[in-house]
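Comments concern the structure below.
The values are calculated or read from the model by the stated rules, or taken from the named source; none is laboratory data. Keep in mind it's a predicted model, so treat the numbers as computed, not measured. Reconstructed Cβ throughout: ideal geometry from the backbone, glycine too, with neighbour counts over all protein chains shown. Side chains are part of the model used for accessible areas, which takes the heavy atoms of the whole protein and leaves out ligands, DNA and RNA. Shrake-Rupley method; radii C 1.70, N 1.55, O 1.52, S 1.80 Å.
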Amino acid sequence: MTDRAISRRRLLGAAGAASVGTILERVPGAVAATASSLRADVVVVGAGFAGLTAALKLVEAGRSVIILEARGRVGGRALNYPIGGGEISERGATFVGPTQDHILALAKQFGVGKFPTYDDGDNVYVNSMGSRSTYSDTGPLGTAPPDPLILPDLTQVVLRLDQMSTEVPVDAPWEASQATDWDQQTLETWIRANSATPQFRDLVPVATRPIFGAEPRELSLLFVLFYIAASGDEQNPGTFERNFNTRNGAQMWRFVGGSQLLALKIARKLGQRVVLSSPVERIVQHTGGVTVYSGALAVQAKRAIVAIPPTLAGRIEYDPKLPAARDQLTQRLPQGTLIKVTAVYERPFWRDAGLNGTAVSYAGPANVTFDDSPRDGSKGVIFGFVGGDEARRFSGMSAADRKAAVLANFTTYFGSKAAHPRSYFETNWTREEWTRGCPVAIPGPGTLLAYGPALRKPVQHIHWAGTETSTYWNGYMDGAVRSAKRAAREVLDRL
């Protein structure tokens, strides 16, 4: 999006906000406080899955709510992209899987079905020497490639990480008995000390780039262990395998109509309570409540839920200032660096060769790919993740060179037909003003131990939601929904 478009949107938002009377007529339960402000029980900042779900729960409890969303759309990091014929590809959040029961229940409530991610046939693997092979993900390693060079390290490292993660409380990882030791080192330093083969060490970033949008050196070991522990639910311990796998893992299903469809349906039910193109600039706390300012619009409420990534929440002006721990936390939680690259073909031709569209490769920029074709296979869609250092290099290339590099990857994985898509597009989440990166916030060493307790702790009348605040499935759509339910309960208990 261009600066001009952003400026125009802000002007439109301010102009819309100035028409408070018009908004008032359409927001159930809201009342006019002054000629330029509204009043409701709760104001929610952000209309991603967290903000929308929190608002929904509050409305269902009989409370008046206004949601202020900076973008001109709802869905946050979920965004559908039309590819013709009434079909879509997901530019952001795509998959759901077992133990993600909260997002699945919400989808069922709103009549959004799911279907299996295409997983018939073999995965493609390009090893450290550039040799291509195929393998089934039905084996004990799942999506991980069964390369004999890395197999001993792969099996023992994953087992150890899974075991270590069981010692990490998902609601307070900083309270783990070895939190001090684990939070003062990175995943990279731990891998180097606990593996033998350089080929395996070089494979680890291939996993962390799509999962975190980060390199192993950027990730606190404690955070990685928490992330593994969070890849489950109250009855099922998290595992690294569930995080990375398609079959029985986090990539197992997709939503019919795309993930943003669910956000659109929730917003439709909330109606004019959702005010778009209204970036929040300032939150003032006072006796009995808050006033949230967006352009010419001020919303007075008893409570506020800020349901945006911590790095964005930290850019809002607060009066009085936030406690030092909360302010320092938001300065230390950057979003991951992730780009999604997508090629659309007339049909999913790779399936004819017995391939399922999944590739794992040492050579980038797109180290990992998935089949994102419509359920009926009427078109062929492959997307790849470009993350971490690969994304930073990729961003410095020309548009033509970026496309050529991606299609070269796809051709290596799936054959010569991959070089000629009917269309190609990229989604660089680091360049989205109201996202600043994907898929999740990345705590470096020392952050959780020093500032983790401030992550969910309310500040007077302000409550925090968003997938980064979730105990389970942190960084996923399910985590966003979980965080919203927790924040809504907090608010309802205090109203």
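Okay, here's what the table says:
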item	result
Residue ranges of helices (runs of 4 or more DSSP H) in segment 13-117 with at least 2 members at pLDDT 95 or above	49-60, 101-109
Residue check for Asp389: surrounded by fewer than 24 Cβ atoms within 10 Å (Cβ to Cβ), under 21 Å from Leu219 (Cα atoms) and out of contact with any strand residue (DSSP E or B) (no Cβ under 9 Å at 6 or more places or on another chain)	yes
Residue match in segment 479-487 (condition: under 30 Å from Gly86 (Cα atoms), open to solvent by less than 50 Å² (accessible area, probe 1.4 Å) and among the small types (Gly, Ala, Ser))	yes
Single residue of segment 340-359 satisfying the filter (in contact with a Ser or Thr (Cβ under 7 Å, 6 or more places away or on another chain) and closer than 23 Å to Cys438 by Cβ) that is surrounded by the fewest Cβ atoms within 10 Å (Cβ to Cβ)	Val344
Some residue of segment 259-278 being part of a strand (DSSP E or B), within 23 Å of the chain's Cα centre (by Cα) and in contact (Cβ under 8 Å) with a residue 24 or more places away in the chain	yes
Index of the failed condition, Asp376 passing every other in (1) touching a helix residue (DSSP H, G or I) at 6+ places or on another chain (Cβ under 9 Å); (2) without any contact (Cβ under 8 Å) to a residue 12 or more places away in the chain	(1)
Hits in segment 443-465 - residues which are open to solvent by less than 10 Å² (accessible area, probe 1.4 Å) and either in a strand (DSSP E or B) or aliphatic (A, V, I, L, M) (or both)	Ile462, His463, Trp464, Ala465
Whichever residue in segment 80-114 is open to solvent by 40 Å² or more (accessible area, probe 1.4 Å) and either hydrophobic (A, V, I, L, M, F, W, C) or within 15 Å of Thr342 (Cα to Cα) (or both) and, among such residues, is farthest from the chain's Cα centre (by Cα)	Glu87
Test: residue in segment 426-439 that is farther than 27 Å from Ala313 by Cβ, out of contact with any strand residue (DSSP E or B) (no Cβ under 6 Å at 6 or more places or on another chain) and either touching a residue at least 60 places away in the same chain (Cβ under 8 Å) or not aromatic (Phe, Trp, Tyr) (or both)	no
Single condition Asn367 does not satisfy, out of (1) of a type in the set (S, T, N, Q); (2) within 13 Å of Tyr125 (Cα to Cα); (3) surrounded by fewer than 24 Cβ atoms within 10 Å (Cβ to Cβ)	(3)
Unique residue being in contact with a strand residue (DSSP E or B) (Cβ under 6 Å, 6 or more places away or on another chain), open to solvent by 30 Å² or more (accessible area, probe 1.4 Å) and of a type outside the set (Val, Ile, Thr) when the list is Lys403, Lys417	Lys403
Long-range neighbours under 6 Å by Cβ, at least six apart or interchain, first residue farther than 11 Å from Leu455 by Cα and open to solvent by 50 Å² or more (accessible area, probe 1.4 Å) within segment 308-334, second at pLDDT 95 or above and not in a helix (DSSP H, G or I)	Glu317/Arg282; Asp319/Val284; Pro334/Ile442
Residue within segment 279-294 that is assigned to a helix (DSSP H, G or I) and open to solvent by 20 Å² or more (accessible area, probe 1.4 Å) present	no
Among (1) modelled with pLDDT of 95 or more; (2) more than 15 Å from Arg375 (Cα to Cα) - the single one Thr138 does not satisfy	(1)
